[in-house]
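Data first, discussion second: the structure below is written as structure tokens.
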Amino acid sequence: MANEVNGLEPQPQLVHADAKTIAGLSAVYTMETRMEIPQLWDKLHAQVHDLLLARTSYGVSYGFDGQSFRYLCGMEKTDDLPADWDTVVLLGGRYAVFTYDGPASGIGPSIDIIWKQLIAEAHLKPDGRPSFEVYDSRFDAKTSSGVVEFWIPVAD
């Protein structure tokens, strides 16, 4: 592999996921401004810190228009979350799951390699549904390090 990120597993696991709704805070970014996404996570932490420590959180990328995309950080929708939060539905179906284990600084480079190289190498075809990151108990928000899963929707 020409490009590598320490901690990124280059072979995806193919899985089927059920639909779920994610609620949280969202904003529009470009490839040039995506380094501002951690500030959105900081806003979310300020609102629901204890819930984030106790639950799996998601970073969802969707609405690509060639120039920009919407990113939502949040959790699976439940009645105890703020009613005015934005929501996005993650449709069920087949996903290629890439795993990264390391500091948060490697997340952006991992995403770049997945989209620019690893999907093609695995002979997969993304199908346009939202892609998302999963931060579960294996990711330590206090140290901003650990395991992150990148779920890329692919055609059957």
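Odds and ends about this structure:
- Cα gyration tensor of the chain - equivalent ellipsoid semi-axes, whole Å, descending: 24, 18, 16
- Our note on the geometry: Cα centres of region 44-60 and region 105-124, 25 Å apart.
- About the centre of its Cα atoms, region 16-144 shows a dipole size close to 260 debye [charges on the beta carbon of Lys, Arg (+1) and Asp, Glu (-1) only; nearest 20 debye].
- As a fraction of the 1.4 Å probe accessible area of region 45-120, surface on carbon and sulfur atoms comes out at 52 percent.
- Helix 37-54 and the longest principal axis of the C-alpha atoms of the chain enclose an angle of approximately 60°.
- Sum of -39500 (n - 2.57) over DSSP H runs of 4+, divided by residues of the chain (222 nm, nearest 500): -5000 deg cm²/dmol
- Excluding the site residues themselves, the longest part of the chain lacking any GluC sites (Glu not before Pro) in a DSSP loop with at most 14 other Cβ atoms within 10 Å is 33-156.
The values are calculated or read from the model by the stated rules, or taken from the named source; none is laboratory data. The shown structure was predicted, so the numbers you read here are calculated from the model rather than taken from an experiment. Note that each Cβ is placed from the backbone with ideal geometry, even for glycine, and that neighbours are counted across all protein chains shown. Calculation scope for accessible area: heavy atoms of the full protein, side chains included, ligands and nucleic acids excluded. Shrake-Rupley method; radii C 1.70, N 1.55, O 1.52, S 1.80 Å.
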